[in-house]
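Here is the structure we will look at, set down as structure tokens.
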Amino acid sequence: MLSSSLSYLQTLPPIPNSATPNQRRSPLPPEHVSTDGVRPRTLRIACAGRGSKAARPATDDYYATLKALNSKGRFPRKSLGQHYMLNSEINDQLAGAAGVGEGDVVLEIGPGTGSLTNVLLNSGAFVLAVEKDKHMATLVSERFSSTGKLKVLTEDIVKCHVRSHILSLFESIVEMDPETKKAKVVANIPFNISTDVIKLLLPMGDIFSEVVLLLQDETALRLVESSLRTSEYRPINIFVNFYSDPEYKFKVPRTNFFPQPNVDAAVVSFKLKQPTEYPEVSSRKSFFSMVNSAFNEKRKMLRKSLQHICTSLEIEEALRSIGLLPTSRPEELTLDDFVKLHKLIVKE
């Protein structure tokens, strides 16, 4: 039986006997993940209580993550898409990709146990963290309560009034230069809300300079590298390039997460355009409505899928005038082509 100086914690995946608490671990050990559908063996993890001489982990690694989860009696929730980063070096690279430095204002989405939050605060940033899980919101608030540079909102990011919260934070930071007030977004977000988050944040070039997200690798590649005339070319590509200049930064193997997802991840940087840099369209709403209509019937020619806007003959003439075939399909048009077509066929 364990001594009374040890406190029992919730059941979580086992730690290999050969590892020591102070080791920095990057990937999650293979034995923690069941690849054949069989639930892995578990044991109770104990952490040092008062009077123990055991050292605390120096970084937010595997041990620190499990300890933090145990402290609130939490398990990763599939419904919230929770996968916790176990490699502190990835968090350093994520913050580095955004060039986070002293005095920056950073929006973090889903801070979890606070491993990325720790890196952002150590970089000298003011952090606004939005966490849907109230237990994790409490955990990260308590962990960094003494910094004076963290505000935690217990909200769903896709329903959150991001703009008003960021502007309020700007006003509270007296040392900020009013002429250069811009925030950054740095986040390891649940894969299942990536499209919603991108659609929410990319049009905010007036308050954010850059959005750096850790996404599913397949999604990252599709957003940044999808080519014309491929099945991966979609309306979201038009949206992303309308509002930003995206760049694929680096791949993050799935073994760096707990629990391990079924796919690898990647970091993507979106350099946001200023509103004055957006392509000139009479109405962004009608422009994206046209683009979505075009792709809703992707296999059809535009002269068919857009004939609710004007006649097929007018669409054919508009396509010819911008140097395209009258039989063109949506996957054959660039952002610039769609902008030109919108000017010709949509009458406000």
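The values are calculated or read from the model by the stated rules, or taken from the named source; none is laboratory data. In this text, all values refer to a predicted model and were calculated from it rather than measured experimentally. Every residue, glycine among them, receives a Cβ derived from its backbone with ideal geometry; neighbour counts consider all protein chains shown. Accessible surface is based on the protein model in full, side chains and every heavy atom, while ligands, DNA and RNA are left aside. Shrake-Rupley method; radii C 1.70, N 1.55, O 1.52, S 1.80 Å.
Values for this structure:
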read-out	value
Pair list, Cβ < 9 Å and 6+ apart or interchain, from the stretch 284-309 residues that are touching a residue at least 12 places away in the same chain (Cβ under 8 Å) and in a helix (DSSP H, G or I) to residues that are open to solvent by 70 Å² or more (accessible area, probe 1.4 Å) and of a type in the set (Val, Ile, Thr)	303/311
Test: residue in the stretch 268-283 that is in contact with a Pro (Cβ under 7 Å, 6 or more places away or on another chain), among the aliphatic types (A, V, I, L, M) and either part of a helix (DSSP H, G or I) or open to solvent by 80 Å² or more (accessible area, probe 1.4 Å) (or both)	no
Flag if residue 107 is modelled with pLDDT of 95 or more and either part of a loop (DSSP other than H, G, I, E, B) or surrounded by 18 or more Cβ atoms within 10 Å (Cβ to Cβ) (or both)	yes
Selected residue (criterion: nearest to residue 189 (Cα to Cα)) from residues of the stretch 137-152 that are free of Cβ contacts under 8 Å to residues at least 12 places away in the same chain and hydroxyl-bearing (Ser, Thr, Tyr)	141
Within the stretch 95-136, tally of residues that are in contact (Cβ under 8 Å) with a residue 60 or more places away in the chain, in contact with a strand residue (DSSP E or B) (Cβ under 8 Å, 6 or more places away or on another chain) and of a type in the set (A, V, I, L, M, F, W, C)	10
Residues satisfying the stated conditions in the stretch 290-335, i.e. closer than 19 Å to residue 242 by Cβ and either open to solvent by 80 Å² or more (accessible area, probe 1.4 Å) or in contact with a Gly (Cβ under 8 Å, 6 or more places away or on another chain) (or both)	296
Given (1) part of a helix (DSSP H, G or I); (2) open to solvent by 50 Å² or more (accessible area, probe 1.4 Å), number of the condition residue 232 does not satisfy	(1)
Extreme residue, most open to solvent (accessible area, probe 1.4 Å), among residues of the stretch 235-249 that are out of contact with any Pro (no Cβ under 6 Å at 6 or more places or on another chain) and hydroxyl-bearing (Ser, Thr, Tyr)	248
Selected residue [in contact with a helix residue (DSSP H, G or I) (Cβ under 6 Å, 6 or more places away or on another chain) and of a type in the set (A, V, I, L, M, F, W, C)] from 198, 207, 166	207
